[in-house]
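We did not get these values from a lab; they are worked out from the coordinates using the rules stated. Note that the structure is a prediction, hence the values are computed from the model and not measured.
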Amino acid sequence: MCRRRGDGRTQGAARLGVTDFDSEKQFYRRLGWPQVFDGEDFAVFELRGALLALFPVEKLGADARTQPALGNGGIRFSVIINADEPDDVDRIVEQARAAGAKITKEPVEAEFFSGRDAYFADPEGNFWEVAWAPADNVVVIAARRAAGEGG
């Protein structure tokens, strides 16, 4: 799900293959993320500058012409939610906790960059990092540029 923008940059979406489609869909609804599409076996939620699509894992495997590899309970990847302010990290983590997420790293001063971060996993173990970094951080600059916010 990528398309070329008029300015030559690509827009895209992250797609998670899930085993319990309805449960995962409800989790992301409880997070309060705007749902822009709700189908029988495909759902899309809007994030700032990106989309999150849920797809039953067996159908994702079929679509990619491969077998789905289910995790062993450990982290395989994480998707980053960029927070606008340091306090937003705490707010987003509390929202995730209330929605049923497992918090694996409470909000703290970041270890690998200047800023604040935390981690949570959705009910199927898909990991999300919630991070805030100062405006001059190169990743923040790139994320804003990718979202069409200049930079």
Exercise. Based on Cα positions only, what radius of gyration and what Dmax would you give for the range 28-151, in angstroms?
Worked result: 15.6, 43
Exercise. For THR104 and ARG30 in one chain, what is 0.36 nm times their gap in residues minus the Cα-Cα distance, to one decimal in nm?
Worked result: 24.8 nm
